[in-house]
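Reviewing the structure listed below.
We did not get these values from a lab; they are worked out from the coordinates using the rules stated. Since this is a predicted model, take the numbers as computed values, not measurements. Cβ atoms come from the backbone with ideal geometry, glycine included; neighbour counts cover every protein chain shown.
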Amino acid sequence: MMMGESYEEGCDYLYKAVLIGDSAVGKSNLLSRFSKDEFRLDSKPTIGVEFAYKNIRVGDKLIKAQIWDTAGQERFRAITSSYYRGALGALLVYDITRRSTFENVGKWLNEIKEFGKADMVIVLVGNKSDLGNSRQIGEEEAMNFAEAQGLCFMETSALEKKNVDEAFLEMIFKIHEITTQKSL
Ligand code: GDP
């Protein structure tokens with residue numbers, strides 16, 4: 001199923017990026033926040049890949065970001081190479097209130113190494129920052145980990161709409177930087 005607007009109109013750059021991370025960390029809510037400014041309290045009913053488009057204007061150029069969501073497939077470890085094919089960036093999401101989701105970040109990184117492009121832009125995202133009272137992973141611990149792995153890092157709240165655009169845009173602008181440098 002496709003969310004958001006269609007891909008009909010022209011653009012100067014089309015970038016594919018993927019959302020990855022354990023189930024229920026907030027991937028689809030981050031995407032709907034970014035692409036449609038919506039938040040859902042219920043959990044999602046469907047299984048299957050979903051994606052959304054977002055237009056970003058940089059000067060006189062139009063970037064179209066096509067962002068894929070696992071839509072439940074991660075529950076069955078059914079994410080395949082086609083999910084990663086052509087992806088230039090990834091938001092790797094964990095839930096700051098569930099340590100297991102942070103501990104699994106290494107597994108997701110291995111998967112990116114296996115299936116993804118070598119110079120993929122990866123932003124580590126600690127979601128649900130609004131639930132600070134139930135926090136199980138400190139910001140500093142995650143930041144140190146990200147630094148050691150050479151990843152960008154940000155804490156977000158899809159619920160409170162905090163840092164959501166920033167996280168996606170950081171990834172998209174980095175992709176743009178790399179792509180335009182390559183074509184010089
Ligand atoms: P996904 O399986 O990773 O796509 O996760 P979902 O987007 O379906 O979210 C899983 C659950 O976490 C849902 O009940 C959401 O309402 C909730 N959730 C997602 N993002 C946030 C957030 O930023 N804060 C809080 N408090 N709950 C969130």
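Here are some notes:
- Our helix-only sum for the chain, with -39,500 (n - 2.57) per DSSP H run of n ≥ 4 divided by its residues, gives a mean residue ellipticity at 222 nm of -9500 deg cm²/dmol.
- For segment 13-173, the calculated P(r) over all alpha carbon pairs, in 10 Å bins from 0 to the bin holding the longest distance, is 11, 44, 37, 8, 0 percent.
- Summing Cβ point charges (Lys, Arg +1; Asp, Glu -1) relative to the Cα centre of segment 13-173 gives a dipole of roughly 560 debye.
- The region of the chain that goes longest without hitting one of the GluC sites (Glu not before Pro) in a DSSP loop, each with at most 12 other Cβ atoms within 10 Å, is 39-184.
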